[in-house]
Amino acid sequence: MVGSIQWLGHANFVVTSVGDKIIYIDPFITENPLCPVSLDDIKAADIVLVTHDHFDHLGNAVEIVKKTGGTLVAQPETAGMMISQLGLSADNVVNFGMGMNIGATAVIDGITITMTQAFHSSQTASNTGFIVKLEDGYTIYHAGDTGIFSTMKILGELYPIDLALLPIGNAFTMDPIQAARALTLLNPKKAIPMHYRTFPILEQSADRFVALAKNEAPGVEIVILEPGQTIVL
Ligand SMILES: [Zn+2]
């Protein structure tokens with residue numbers, strides 16, 4: 001088994017680990033104009049990560065957890081809202097239904113999940129990103145919705161990053177200028193831009209990011225995915 005990652009458009013990724021665990025991050029399916037799969041196509045999920053409660057990130061997390069029995073990871077207030085208002089079972093939430101918070105690490109099904117800070121807005125909690133370490137040590141950082149922050153440097157040092165998933169869309173997150181500089185702080189081996197193209201207000205291509213990244217962080221391999229495309233980790 002080889003690990004892989006698929007982009008479903010926006011901030012929505014599916015990681016399949018070497019141990020065949022399936023991890024959804026910000027599963028925005030039914031209202032996502034870039035998402036090439038339907039909810040019916042999703043048969044299995046072991047872990048579902050939600051960075052914050054905005055509709056384009058919370059997405060279909062509750063439906064996916066309900067149908068697959070996977071474990072939801074989100075902040076306590078966001079998980080609590082999903083339990084009290086959206087009918088999620090507390091049995092399917094990390095830490096015995098309580099959720100987790102920034103700075104913490106949980107091991108679920110052999111996958112190590114660390115919740116990181118992110119700077120953005122939210123209804124039920126603050127905002128987060130995730131560092132996901134697979135069984136073979138391969139480490140993915142999903143920044144969530146955020147502006148740049150200098151602590152990215154510490155995250156990169158503490159959790160050497162193989163692959164960084166960074167928003168570049170502007171309007172609600174980092175723009176290409178900040179995202180390219182973030183590469184120099186995080187120092188990942190590879191990076192995939194996200195949170196662009198989905199809506200007219202967002203940056204419509206990765207071209208500016210690619211050009212800036214080449215200058216700022218020439219050692220980082222930038223991988224541009226089409227929605228639905230899968231690459232081997
Ligand atoms: Zn948001």
message: Looking for something within 16 Å of the ligand (Cβ to nearest atom), more than 22 Å from Tyr138 (Cα to Cα) and of a type in the set (D, E, K, R) - is there at least one such residue anywhere in region 178-196?
response: no
- request: Please name all residue pairs, on different chains or six or more residues apart, with Cβ atoms under 7 Å, provided the first residue is in region 140-162 and is closer than 12 Å to Gly129 by Cβ and the second residue is open to solvent by less than 50 Å² (accessible area, probe 1.4 Å) and of a type in the set (D, E, K, R).
  value: Ile140/Asp162
Test: residue in region 150-161 that is open to solvent by less than 50 Å² (accessible area, probe 1.4 Å), of a type in the set (Gly, Ala, Ser) and in a loop (DSSP other than H, G, I, E, B): no
task: Within region 191-233, work out how many residues are of a type in the set (Val, Ile, Thr) and over 30 Å from Met1 (Cα atoms).
output: 3
- request: Being within 16 Å of the ligand (Cβ to nearest atom) and in contact with a helix residue (DSSP H, G or I) (Cβ under 7 Å, 6 or more places away or on another chain) narrows it down to one of Thr78, Thr71, Thr51, so name that one.
  value: Thr51
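The values are calculated or read from the model by the stated rules, or taken from the named source; none is laboratory data. Nothing here was measured: the structure is a model prediction, and the numbers come from that model. Cβ sites come from the backbone with ideal geometry, for glycine too, and all protein chains shown count toward neighbours. Keep in mind that these areas ignore ligands, DNA and RNA; they rest on the heavy atoms of the full protein, side chains included. Shrake-Rupley method; radii C 1.70, N 1.55, O 1.52, S 1.80 Å.
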